[in-house]
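Participant: My questions will all concern the structure given below.
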Amino acid sequence: MLGLVGCGGTGDGLTQGPAHRVFVAGDTFDIRQQGVRAVAIRVNSRWVPNRAAIEGSAARAIRVATRCEVLAMTGDQALIHALLDCDADRARPLVIGVPERYFDCEADWIEEEIADLSCYPSG
């Protein structure tokens with residue numbers, strides 16, 4: 001007898017397709033947005049005990065990728081769903097069919113949440 005076990009995602013389409021990869025405070029997140037919903041998938045292996053330990057970093061990553069304010073978050077330390085408040089002029093639409101691009105970025109922090117980023121294509 002053969003058994004297969006797997007994880008099929010959340011079923012809402014937000015864990016599939018192109019993502020914005022964002023690096024914040026030692027964590028790496030893939031951020032996907034659809035309208036006023038977003039998902040942050042933490043893709044690095046740093047151990048954290050629970051969502052509260054990375055909530056601030058996840059919210060910052062979501063704000064950077066979507067240009068929207070985060071109203072609420074649910075999930076765990078690996079997969080976080082967010083409800084967004086997006087200004088129509090600032091929000092980025094969900095883009096499908098564009099290959100993922102990775103960048104190495106250096107941040108010169110100006111204030112606590114404001115940085116001057118220098119990014120270069122990886123590889």
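Participant: Counting other Cβ atoms within 10 Å, keep those with at most 16, restrict to DSSP loop, and tell me which trypsin sites (Lys or Arg not before Pro) in the stretch 49-78 are left. Can you show the working numbers first?
Facilitator: Values: sites: ARG51, ARG60, ARG63, ARG67; in loops: ARG67.
Qualifying residues, ordered by number: ARG67.
Participant: Here's a follow-up. Quick one: pull the percent of accessible area on the stretch 21-61 belonging to carbon and sulfur, 1.4 Å probe, ligands and nucleic acids left out. Before the final figure, lay out the partial values.
Facilitator: Numbers: 990 of 1900 Å².
Carbon plus sulfur share of accessible area: 52 percent.
Participant: Whose amide H sits under 5 Å from the amide H of CYS86, counting only residues 5 or more places off or on another chain, with H placed in the peptide plane?
Facilitator: Residues meeting the criterion, in which the H sits 1.01 Å from N, do not exist here.
Participant: Whose amide H sits under 5 Å from the amide H of ASP27, counting only residues 5 or more places off or on another chain, with H placed in the peptide plane?
Facilitator: Under 5 Å from the amide H of ASP27 lies no amide H from a residue far enough along the sequence or on another chain.
The values are calculated or read from the model by the stated rules, or taken from the named source; none is laboratory data. What you see is a predicted model, and the numbers here were worked out from it, not measured in a lab. No Cβ is skipped: glycine too gets one built from the backbone with ideal geometry, and neighbour counts run over all protein chains shown. Heavy atoms of the whole protein, side chains included, go into the accessibility calculation; ligands, DNA and RNA do not. Shrake-Rupley method; radii C 1.70, N 1.55, O 1.52, S 1.80 Å.
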